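Reviewing the structure listed below.
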Amino acid sequence: MNQNTRDARENIPITKPYHEANEEASAHINSAPSMASSPSTSAHGSKHSIISIHYLQSPLNTLEDSLTGDHFDLHDLSEAYNVLSTRIKDILLRDVDSEQALSVLREQSHTLTNALRRDVMRVLTNPYLTPRRDDMDPEEVQFARDLAMLGQQAIRLISELFAFPQLSSTMSDDQLRLLLHDVLAILSEPSLPTPHSKRTFALLRWTLQSQKLPENVLTHHKKQIMATVKQSLEGEKLSEQIVIDGLKILAELLRGYGRLFLSSACDLLDAVLNRLIAETLSIRFAAGNTLSAFVHAKIMLLLGNKHKVTIKISRTVRKFSLQYFAQELPEPESLEELSQDPSEEELSQEPPEDLSQKPPLYCFLSSAFAISQLAHDGDGPQWAAAVLASLIVLFDERVFTSLPALRHIKALLWKVSEHQSITVKYLHPSIWRSFVWAFARIPSEEELSRKVQVFLSQDYRNGVGALACYVTMNFQSDDSVGRTLGVVADMFKQPQARMDAIHLTCQLLGSSSDASSSIVHVLQEKLFDGQILETHLANLREKLRRIPNVVRSFSIAEITPHWNKLHEFWIAGVKFILNESQQAIPQYLFEAWRTLISTAARIHKDHTLPPPIVQTLEDLSSESILDISDVRTEIRQIHLLRGLWKLVQASFTGSSLDVLADYFLGAVVRRNFDISSAPVQSEWVHLCQDIRVYPLKGAGRRLNTKGGPSFNTKTWVAVARVWIAAEGASGDNLITFLKFYFPEQLSTDEELELWKKLFYKALAASKAQPNAKEAVLNLWNTFISKDEEVILAFPRQFHALISAFADPFDNDMSEEILAFIDHLLLSLYPPSIHPLSVCLRYIDTIRGIVTYLPEKHLVPCLAQLSNCLCLWIEDKSPALPDEMYSQHVLPLYKDVLRKLRNEEPNETTLLTLWKFLVAPFQRPMDKDQESAQICAKAADAFDEFWSATYQGKAEFFPLYDQDLKKYLKALALVENGNQADGLTQSEDSQKTDGSYVPETQPLEPAPVTGSQAMANYVDMLINKGNEERDLADADIVPSSSSPLRAPLIPSWKPVLRQDIDAMAVDRPEDPGSSAVSTRGMKRKRQEKDQDATPPETSFLPKAQAPPIPKPKTRLRMAHVEVMKAQHEPLRTPTRPRKSQTSVIAASTWNRGSQLMTPEPSAPPSSHHGHAVHSAQEDDEEEDYGSWEKGVASPSSFAQISRDLEMDDTMDGTHVAKRGEHRAAARFEANSPP
């Protein structure tokens, strides 16, 4: 009940208070236990009270008795109605079986009807027995009050019977008609004789307002009802409450019985419209409610735009709008003018403050829309929205031809759309939907329809665009699909409608199948059924829910001619979601993609893979589709690509899919996702795997990354190939990708080669950075493991890394790189676990570094690599076959000497590299032509270098190491050269204890090999003086009288004193010491030389690491006597001895020299007559003839000295064998051809 309407009992002075009546009713209910055993009661469980059928019987019996008795107190009748009404209400409100409890009303409906008709008409009874005068009799006053109270109590009960269908159903339609007739009869009276007539009329109007009677009951009284309403709206001197009651009655009649009353109500529409501009808020509110009821009735009846009621309503509204709504603003020239966006002036225009200013309705609506806080009825945005939307619907399609009104409506709507309150903004699409409804009423073939579509395109937000598409799709025309796509295109132009456009596009492509089929859903029904008007502003958003899906999907036949347009919309939607939306990639995007690729396959039948699909995958893999590339957007883009590719895999098969996979993978890799970020890396790896791995196909070996996702070999190789060919790859991405499987997972040559090429690109990217030095160092530290076991376990893999640093001195990386190579090569010699080819790769890499290096860096580089180079060039194990040595090691040696020839001789180079210079002559070799050639080439290279640099330069003599002197002398002797110029021997002549000149000499001198010449030279030095002398005692005679200079210490590498001392050769303290002690010392030193291990180093460089001195060597000089070869019978060795003797030989060294036969120091019996010995005798006999064993190739002087020392310590058997071998070699050398 409205707050301005008072309850009937407020008009009646009841003798018994109302709360006592309620207590009495409760007493009847609580007395149920006394009737619990009665068969006429019904129990409904412990939660419900037990209601007796006699609950209403008592007041009904009172009314029945009053119909038969002549005298009955009016007050008692009023009390009976009061109790009956209260108990009925109690039954309805409580959770009880109302049907059974109210059954007594059905049984006594006739009695109740008669009593009500009698008592309700008492309000027309004149209570005065005499003509009215000012001084009324107290009895007359009391009688008048009793009559009014009894009539109002009867009306109260009638209103309850009319308002609740449960109660009206207990009475017949005729009984209800009679009661309604009496109510209308009283309302038709201009006045009542009883007191409180206004309250009585208010109760009667409330009865009509709240009634829910069957339509057939109202039909018989249609005219009387409409007359009553008209009297309330158009009567003279009507109070505000009467007008409001009339408007409410009309609104309820239109919403509940529109078919019955709409036609008649059209005559009252003008009166309702005029009430919209009333002065009071309550009347304006009620008028807006009634106006929306007209709309509700119209849309529920589905009246066409040509129906007479529609036309009549439209004309009435148009006439009113021109007078009270649109007369002040200038009339637009055409609808196209209204299709333009509002100007800033229109949006900023403030509503007039003076409500008396014309047009009044525009001012009232503008003021109401401006309110965002709690407002009174008729002064809030809810009321304004209901009125504005109702005007549009009542205008119907003619709203688009009523340009003044249309312009005013549009101006108000833009104010709503720009409102500061989000809640008020929610009203805008609900109103704009009314335009869509009117647009749907226009025939599609008319030109007005297209113009209106342009007008509507101004605002397709919040589901309005979907409704417009729903309308265009239902057009009975050939271009309905084209016009629908036109709506979608306009939606994409509006940022706030773009998300709706994306969803709508996917709906059209089949992502959703649920769609509404009723045009009623185009309108916001809650604006017209009173819900929005009665809703508090704070709860408005809950009422205005999103428009449901109303668009059906296109068929394949509809999609095919418009595939390109739909594909364009879909691409635009994908880009928008990636950049603007925070939600996950919606599933409907993938469903739409499925439809697109299936339709494209139908269109491009000649292609296994439609070209647009291929191009789409490449475009969506590009970074250009992202406004801002960060971790979040990149992950979302990868999710999108994975989903799209899975659908492509499910739709296509065959070799063409493999081609597309390679193409797509290339696009993904070239995209340069930031895989240095862990979240992006994980998703990126899964994407690459999805592209390359197919169901039911072998994927190859899986490579597990360290704690992350996994590749298979095919995928890794494919990605690496793409990255090698691509340009602009990020250095961080390359480093991350290279770290995936280094070094453990790389196994094949192809993988290593690809890895190396990628590392080249990563290194180049690091060098291109502003802080290149730091970047390169970080790159190095990223891949060089601190665990030496890992490095030694995977030297092949680390070679791929080392080979990228062609110039170690670039970016000051020499210490790290060269120290790493030096230690690794030292650790790999001799090769045992890894193939020799892996070690030779490092040798070749060093050769490449030496070739690339500038001359200023050559010596520092060789100094840091001297340990490993000497170890591998000497090859004392030996570990390298001659062929490999000749292909890898010897070219390195020759290249180094070739580059050193261009350098000015200096002390630093000599002190640093003398061991390297003589290293090839330390290598043991077999007796074959290949070994001789290797040594010859090494000697030639050394000779060319030495003669061009240090030969004969006395200023460097003090810096010569003793071993270097020996090699120079040996080389000079063998080649008859001047390599040893300036060097003198300790004694000028050879002296021996005894020598034998051969009795006969060969007619022609036998060819002498370089090894023989060096051996003879050694023999002469040993025999001279017939005493043990160290060849290292040779003095250096300067070529000039200039004073000797102390050796200079290289500035770039400190040399310790002990290193300089280590260059000297130890002199024996006692030259005449016993052979036993000397032999023991020499054996120990020889074992030390043979078993010497590389110096202990680290992969990390040491800034102050001094050069490692070569072990000191003491040379034991043996006295050898010369034998006559022709007098001594040659004997064949019983057991050939396999020996490895260091030699220096070359085919070009064959020079004539006199062979000398050492004189045996043992008795002749040791040389004659004993060709065969027992094993014991061989062990005890010392064969000096073994000293004459032929030398296979020239070696360093130190090595020959060691052999001599070894011979002196050997037992007789070994000596005998050596003598037999040497005798055989000499016999062959001296034999005539």
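The values are calculated or read from the model by the stated rules, or taken from the named source; none is laboratory data. From a predicted model like this one, the values you see are computed outputs, not experimental measurements. A quick note on method: Cβ atoms are made from the backbone with ideal geometry, for glycine too, and the neighbour counts reach across all protein chains shown. Side chains are part of the model used for accessible areas, which takes the heavy atoms of the whole protein and leaves out ligands, DNA and RNA. Shrake-Rupley method; radii C 1.70, N 1.55, O 1.52, S 1.80 Å.
Taken along its principal axes, the alpha carbon cloud of segment 737-880 reaches lengths of 47, 39, 25 Å, longest axis first. Peptides 115-121, 732-738, 243-249 ranked from most to least packed, by the mean per-residue count of other Cβ atoms within 10 Å: 243-249, 732-738, 115-121.
For GLU955 and GLN496, a Förster radius of 56 Å and the Cβ-Cβ distance give a FRET efficiency of 0.05, rounded to the nearest 0.05.
Taking all protein chains together, ARG315, ARG275 sort by accessible area into ARG315, ARG275, largest first [probe 1.4 Å]. Heavy-atom surface analysis with a 1.4 Å probe gives segment 750-821 a carbon and sulfur content of 49 percent of its accessible area. Across segment 756-790, the residues whose backbone nitrogen lies under 19 Å from the label position 7 Å along the beta-carbon direction of ILE833 are 784-790. Between GLU534 and ASP981, the modelled labels are 12.6 nm apart [label points 7 Å from Cα along Cα→Cβ].
Multiplying the residue separation of ILE724 and ASN61 by 0.36 nm and removing their Cα-Cα distance gives an extension gain of 228.2 nm.
Using heavy atoms of the protein chains and a probe of 1.4 Å, the accessible area assigned to MET499 is about 60 Å².
Projecting the Cα atoms of SER159, SER210, THR200 onto the dipole axis of segment 147-254, where Lys and Arg carry +1 and Asp and Glu carry -1 at the beta carbon, places THR200 farthest toward the positive end.
Accessible surface calculations at 1.4 Å, restricted to protein heavy atoms, place segment 556-673 at 44 Å² per residue.
Describe numerically, in nm with one decimal, the distance between label points set 7 Å from Cα along Cα→Cβ at ASN902 and at GLU558. With each label point 7 Å from Cα toward Cβ, the separation is 8.0 nm.
Given R₀ = 30 Å, FRET efficiency for LYS786-VAL631 by Cβ-Cβ distance, to 0.05? Each step should come with its number before you reach the end.
Values: r = 30 Å, r/R0 = 1.00.
Plugging the Cβ-Cβ distance into 1/(1 + (r/R0)^6) gives 0.50.
Loop-located trypsin sites (Lys or Arg not before Pro) in segment 770-822 (DSSP state other than H, G, I, E, B) with a sparse environment of at most 10 neighbouring Cβ atoms within 10 Å: LYS786.
Taking all protein chains together and a probe of 1.4 Å, list LYS966, LYS565 from the most accessible to the least accessible. List each step's numbers first, then the result.
Working: LYS966 10, LYS565 85 Å².
Descending accessible area places them as LYS565, LYS966.
Send over a whole-number figure in Å² for the accessible area per residue of segment 218-318, probe 1.4 Å. Present the calculation step by step, with values, prior to reporting the outcome.
Values: 4130 Å² over 101 residues.
Solvent-accessible surface per residue comes out at 41 Å².
Apply 1/(1 + (r/R0)^6) to the Cβ-Cβ distance of ASP812 and SER947, taking R0 = 35 Å, and write down the FRET efficiency to the nearest 0.05.
0.45
Taking 31 Å as the limit for the C-alpha separation, the pairs LYS526/LYS565; LYS646/LYS739; LYS308/LYS493 exceed it in the case of LYS526/LYS565; LYS308/LYS493.
A probe of 1.4 angstrom, applied to the heavy atoms of all protein chains, finds SER677 with accessible area near 20 square angstrom.
Counting other C-beta atoms within 10 Å, and keeping those with at most 15, which DSSP coil GluC sites (Glu not before Pro) do you find in segment 429-471?
Values: sites: GLU445, GLU446, GLU447; in loops: GLU445, GLU446.
When the GluC sites (Glu not before Pro) of segment 429-471 are filtered for loop state and at most 15 Cβ neighbours within 10 Å, GLU445, GLU446 remain.
Take segment 917-966 with all the other protein chains still there, run a 1.4 Å probe, and you get 29 Å² of accessible area per residue. The gain in end-to-end length when the SER622 to HIS181 segment is fully stretched comes to 150.8 nm, 0.36 nm per residue minus the alpha carbon separation. Close amide H partners of MET925, meaning residues 5 or more places away or on another chain with modelled amide H under 5 Å apart, are THR1141, VAL1143. Potential lengthening of the chain between ASP270 and SER598 amounts to 112.2 nm, from the contour at 0.36 nm per residue minus the alpha-carbon distance.
Taking label positions 7 Å along the Cα-Cβ direction at both SER655 and ASN771, the computed distance is 5.3 nm, reported to one decimal.
Note on segment 451-516: the alpha carbon radius of gyration divided by the globular reference 2.2 N^0.38 Å gives 1.02.
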